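Okay, so here's the structure we're looking at.
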Amino acid sequence: MTETITSDMPQDAEIVAGVTPDAKQERILVIKLSALGDIILAMGAFAAIRAAHPRAHITVLTTRLYVDLIKSTGYFDAIAIDRRPKLYQVREVLALRRFLRNGNFDRVYDLQTSDRSGFYYRLFWPGKAPEWSGIARGCSHPHDNPDRDSLHTIDRLADQLHRSGIENVPPPFIAGSDIDLERFGVRSPFVLICPGGAPHRPDKRWPAERFGLLAKKIADYRLTPVLIGTDKEADVLSKIDSMCPKARNLMGRTGFLDIAGLAARSVLAIGNDTGPMHIAAAAGAPSIVLFSRDSDPKKSAPRGTTDNAVSIVRENDLRELTVNRVMDEVRHRLDLVD
């Protein structure tokens, strides 16, 4: 049973569910804080770490948003929630330090490999740090590949684990919840459409009007366009909904595991380079992902669970990407005939 440990208060971490590790168990900590797409791309690494330490008690340190998603994998015995304190939040930093030092971890896999997680390595000073896989200066298992920053995230994590003695990192996979399509008012066959994205990166978004036209073309083939997104994407989803009355708008109704469940039942998923498309691909949906110059698919594209599961359509400026070009890819992926 997974236990949830919260380190978001200025006190030692508190076990609120589950069991504590056996005194003789190897203790492992995995650090992966964000973002959603990167969490999904790390799923294969999570699986490989569990396979390499089958009898260990493994804790993952992450942020609150991803607790349910990570818990669903079954790879971890405990989840620790990190509020990512600022340096001036001394009490919170000291609480995090107590959590790290009192965990008696034998090894840490730092899959975040950021300045923040490198700082966490230094919190063990002046005591002895555990074995540490990452890029923190002085760690026992450094990922010192000079090309690491040019590798795709999945390849970078696999190379990091290889240097720590772990081989055979599988593709990311998510088993979504058992979806009752009637609960969502969705009928098969349907195409999942993810038209949103990070609000602070508008250049990664294809215009809503193009998604609306695409949805209409998809509906002409008697496929139901199913729209997903958060309340913050209401304008985008409403625009598409108004342009394609046959679309089903699930705004604000789908958590991460719901998205995975829907994706697994869909015939295709289409969307911008955003976290939900990583979920869709990892759940097994054939996927088309739209990229602009704002991100590099060679480093961060979803890969899916099988070869050629994901098609990348890239245009430097997504405002220049035509509906016909995307629809041609839809027809190709689904063997549609005019």
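The values are calculated or read from the model by the stated rules, or taken from the named source; none is laboratory data. Because the structure is a prediction, the values reported are computed rather than measured. Using ideal geometry, Cβ is built from the backbone for each residue, glycine included, and neighbour counts are taken over all protein chains shown. These area figures cover heavy atoms from the full protein model, side chains too; ligands, DNA and RNA do not enter into them. Shrake-Rupley method; radii C 1.70, N 1.55, O 1.52, S 1.80 Å.
Limited to region 96-121, what total is found for residues that are under 27 Å from the mean Cα position of the chain (by Cα) and assigned to a helix (DSSP H, G or I)?
Filtering region 96-121 for residues under 27 Å from the mean Cα position of the chain (by Cα) gives 96-97, 99-100, 103, 105-121.
Applying the additional criterion that residues be assigned to a helix (DSSP H, G or I) yields 96-97, 99-100, 115-121.
Residues that pass the stated criteria total 11.
On the basis of being more than 24 Å from the chain's Cα centre (by Cα) and either at pLDDT below 95 or closer than 30 Å to residue 320 by Cβ (or both), does residue 209 make the cut?
Details: more than 24 Å from the chain's Cα centre (by Cα): yes; either at pLDDT below 95 or closer than 30 Å to residue 320 by Cβ (or both): yes.
Yes, satisfied.
Kindly indicate whether any position in region 164-177 is farther than 18 Å from residue 114 by Cα, charged (D, E, K, R) and either without any contact (Cβ under 8 Å) to a residue 24 or more places away in the chain or surrounded by fewer than 16 Cβ atoms within 10 Å (Cβ to Cβ) (or both).
Yes, region 164-177 contains at least one residue that is farther than 18 Å from residue 114 by Cα, charged (D, E, K, R) and either without any contact (Cβ under 8 Å) to a residue 24 or more places away in the chain or surrounded by fewer than 16 Cβ atoms within 10 Å (Cβ to Cβ) (or both).
Consider residue 199 against the criteria (1) open to solvent by 60 Å² or more (accessible area, probe 1.4 Å); (2) at pLDDT 95 or above: it satisfies all of them except one. Which criterion is unmet?
With respect to (1) open to solvent by 60 Å² or more (accessible area, probe 1.4 Å); (2) at pLDDT 95 or above, residue 199 is out only on (2).
Suppose we keep only residues that are of a type in the set (Ser, Thr, Tyr), outside any helix (DSSP H, G or I) and open to solvent by 10 Å² or more (accessible area, probe 1.4 Å) within region 27-80. Which one would you say is farthest from residue 272 (Cα to Cα)? Step through it out loud before you land on a result.
The initial filter retains those residues of region 27-80 that are of a type in the set (Ser, Thr, Tyr), namely 34, 59, 62-63, 66, 72-73, 75.
Pick out the ones that are also outside any helix (DSSP H, G or I) and you get 34, 59, 62-63, 72-73, 75.
With open to solvent by 10 Å² or more (accessible area, probe 1.4 Å) added as a condition, the list becomes 34, 63, 72-73, 75.
Working: 34: 19, 63: 24, 72: 25, 73: 25, 75: 29 Å.
My answer is 75.
Do the conditions hold for residue 307, that is, is it in contact (Cβ under 8 Å) with a residue 60 or more places away in the chain, among the charged types (D, E, K, R) and surrounded by fewer than 19 Cβ atoms within 10 Å (Cβ to Cβ)?
Details: in contact (Cβ under 8 Å) with a residue 60 or more places away in the chain: no; among the charged types (D, E, K, R): yes; surrounded by fewer than 19 Cβ atoms within 10 Å (Cβ to Cβ): yes.
No.
To keep it simple, each residue is scored yes or no on (1) closer than 25 Å to residue 40 by Cα; (2) touching a strand residue (DSSP E or B) at 6+ places or on another chain (Cβ under 6 Å); (3) surrounded by fewer than 15 Cβ atoms within 10 Å (Cβ to Cβ).
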site: 85; (1), (2), (3): yes, no, no
site: 100; (1), (2), (3): yes, no, no
site: 108; (1), (2), (3): yes, yes, no
site: 127; (1), (2), (3): no, no, yes
site: 135; (1), (2), (3): yes, no, no
site: 139; (1), (2), (3): no, yes, no
site: 147; (1), (2), (3): yes, no, yes
site: 153; (1), (2), (3): yes, no, no
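From the list 267, 330, 236, 326, exactly one residue is of a type in the set (Val, Ile, Thr) and touching a Gly at 6+ places or on another chain (Cβ under 8 Å). Which is it?
Working: 267 fails: touching a Gly at 6+ places or on another chain (Cβ under 8 Å); 330 fails: touching a Gly at 6+ places or on another chain (Cβ under 8 Å); 326 fails: touching a Gly at 6+ places or on another chain (Cβ under 8 Å).
Answer to the selection: 236.
Identify the residue in region 178-188 that is open to solvent by less than 60 Å² (accessible area, probe 1.4 Å) and either farther than 18 Å from residue 305 by Cβ or among the charged types (D, E, K, R) (or both) and, among all such residues, is farthest from the chain's Cα centre (by Cα). Reasoning before the result, please.
Of region 178-188, the ones open to solvent by less than 60 Å² (accessible area, probe 1.4 Å) are 179, 181, 184-186.
Next, only the ones that are either farther than 18 Å from residue 305 by Cβ or among the charged types (D, E, K, R) (or both) stay: 181, 184-186.
Details: 181: 24, 184: 23, 185: 26, 186: 25 Å.
Among them, the one singled out is 185.
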